[in-house]
1. Collect the residues in region A:174-199 that are crowded, with 19+ Cβ neighbours inside 10 Å and within 14 Å of chain B (Cβ to nearest Cβ), keeping them in residue-number order.
2. Any idea how many residues of region A:300-315 are within 22 Å of the chain's Cα centre (by Cα) and closer than 15 Å to B:T179 by Cα?
3. Checking A:L370 against (1) of a type outside the set (S, T, Y); (2) surrounded by fewer than 20 Cβ atoms within 10 Å (Cβ to Cβ); (3) under 14 Å from B:R183 (Cα atoms); (4) under 18 Å from the mean Cα position of the chain (by Cα), only one condition comes out false. Which one?
4. Do you know which of the residues in region B:153-189 that are surrounded by 15 or more Cβ atoms within 10 Å (Cβ to Cβ) and part of a helix (DSSP H, G or I) is farthest from the other protein chains (Cβ to nearest Cβ)?
5. Among the listed residues A:P302, A:P287, which satisfies the condition of being surrounded by fewer than 20 Cβ atoms within 10 Å (Cβ to Cβ), touching a residue at least 40 places away in the same chain (Cβ under 8 Å), within 12 Å of another protein chain (Cβ to nearest Cβ) and not hydrophobic (A, V, I, L, M, F, W, C)?
6. Can you list the helices (runs of 4 or more DSSP H) found entirely within region B:68-145 that contain at least 1 residues being small (G, A, S), crowded, with 17+ Cβ neighbours inside 10 Å and within 11 Å of chain A (Cβ to nearest Cβ)?
7. Has region A:309-316 got any residue that is more than 14 Å from chain B (Cβ to nearest Cβ) and either in a loop (DSSP other than H, G, I, E, B) or touching a Leu at 6+ places or on another chain (Cβ under 9 Å) (or both)?
8. Quick one: which of A:A67, A:A60 is free of Cβ contacts under 8 Å to residues at least 24 places away in the same chain and either assigned by TED's automatic domain parsing to the domain that holds A:W341 or among the small types (G, A, S) (or both)?
Amino acid sequence: MTLPSNLKRDPTLPEPATSTAAAPASLPRRHFLHKGAAMAGSAFAAGTMGAGLARGESLAIPEAGKAMGRPIPAKEYGMPSKFEKDYVRVRTNVFVNRQNHSDWSFTPLQYQQGIVTPNGVIYERHHNGTPDIDPDTHKLVIHGMVKQPLVFTMSDLMRYPSVSKFYFMECSGNGLTDWTKPASTTVQQTHGLLSCGQWVGVPFSTLLDEAGLAPGAKWLLVEGADGAGHTRSIPLNKAMSDGLLVYALNGEMLRPENGYPLRAFFPGWEGNVNVKWLRRIKVGDQPWHFRSETARYTDPMPDGKWRQFSMEMDAKSVITNPSGGQKLAGAGFYEIRGFAWSGRGKVAKVDVSVDGGKNWREAALEEPVLDKCLTTFRVPWNWDGRLAVLQSRVMDSTGYVQPTIQEIGVARGIHPYAFVQHHNGIQSWAVTERGEVSNVIAS
Amino acid sequence: MSSLPKNILVVSIVSAFAAVAFAQDKPRLGQPITEPDIAPWNIDIRTPDGQGLPAGRGSVADGEKVYNGKCLACHGAKAAGGPVYGTMVGGIGSFKTEKRVLTPGSMYPYAPILYDYINRAMPMDKPQSLTPNEVYAVSAYILNLNGLIPADAVMDQNTLPKVKMPNAGNFYVDDRPDTKSTRCMRDCR
């Protein structure tokens, strides 16, 4: 039995007397056994799926209990255990780019515990790499259709009344490789352009009110200070209602790859509008129709036309455990769990199917259930050891129900060669008799 | 033993400042700045009408020279695709087929998008380094390769917004939600 990486066997122990088939080394190692060593030693020891101590074998004193641990350094930024090497962002291995400055990397959702994504694994999408910007020299300017153009330093901005809000952030391209075929292996590759955390910053409305909106103002642009000068047009009413100028995430200043020292954040909207390294806000009376909102980030439709400014993220859910690339250790009890979210409100219901969408069971939602935020769902499952197809389906607070891929296909043109955005179809994971979990498109 | 006097001192300081602090609940820390001082950052082009396009001009022939010097290494000869990026030519008429080809010619609804994007983001290893004349010229060259302007055309703030783009009018604003699934629980398929 290959133990999960965080349950390494004490090397002083003998090999277990009853050995089950070892999982291939390439498979993610922590599926289902990562509740702690105590459970592995008790719950799993007597069952069919666990290794552990042979009957009558006594516990050895672990090495950690017989030596001094590491001392406390004078100062440091703490890092994960050296045994957690799988908990990393990875670039796409399906849609491989020939450079890595306009590229993306995925959050390892299969390992995420709880709704907060740690800052080191928040997904990335840059259009010309990550700049390192000195906050002491960074400036934000607000101009255009305002009564008084204004410029702010970071120290100015951080003196303003701030808000701290939990929101998900998802790239509109999340899932773009898997519309017509199950190209990705893991949930990291199918859904990992998704992260969630507590965003801290100043409401757009505070600063726009200070500059004073001129009559007729209806849109604004947000522009980055990076080498892509990434820019999007945003309706003024969105910015004024809940738009944020964010400087911190999950208890610390933004990481460079997430926009340090300042980014825009528009809750529930596609990640691309949350312009990083924000340097400029210009107010106008109409959108600018930049490349990033015409030639890109638009949705191809069946009539050969394009849907534009489709910025709200539709409700979506995904099972993260079990998920693609994992292996169940044998028939028996498992907790099916995952995340659900909606750009239009709260998660109202999540249903789970283990027979490919024929029959469904309502999942338990774990508090907190927050507006435009990841919500954890859980369903207990007694796997009978036969072929199963696992699916989850969310209904949000507007009554919208997550569609199947086929249902979206009726409404939109899903062309295998087009850069299709906004895939919120139901994800299917097949479980074989051998317990292998893989990405499939259920018919 | 000296704690009481300290407390009294602290309280009196807070009282003295509270009236000042609460009198103004808006920080108003923004520094006024004039539009001329913002000009170096004010690079956006409102692409449907070209508002913001600067003075300057560039021909197709000039654009070919700039392109071959600064763009070809990634995008390939005649913008047909190179070692890093795919083609920037063709695809017009492909959007009703199974294989859509997205290029500036097929996709951009407004020609000034070329100016805005090239000026702010290209070349990738030295963005915001091209002169207005160079940006107009490269825009002209890409448009000519796509068959949208003749070989002797010159692009400037007047001519560029007038170029007819085939994908203009083929966009419509978000009309989702576009599916109406139901929460079936038993024998659903």
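1. Within region A:174-199, A:L176, A:W179 meet the criteria.
2. 5
3. (3)
4. B:L160
5. A:P302
6. Where helices (runs of 4 or more DSSP H) fall fully within region B:68-145 and carry at least 1 residues being small (G, A, S), crowded, with 17+ Cβ neighbours inside 10 Å and within 11 Å of chain A (Cβ to nearest Cβ), they are B:104-107, B:112-121.
7. No, every residue in region A:309-316 fails to be more than 14 Å from chain B (Cβ to nearest Cβ) and either in a loop (DSSP other than H, G, I, E, B) or touching a Leu at 6+ places or on another chain (Cβ under 9 Å) (or both).
8. Exactly one residue qualifies, and that residue is A:A67.
The values are calculated or read from the model by the stated rules, or taken from the named source; none is laboratory data. Keep in mind it's a predicted model, so treat the numbers as computed, not measured. Don't worry about glycine lacking a Cβ; one is built from the backbone with ideal geometry, like all the others, and counts go over all protein chains shown.
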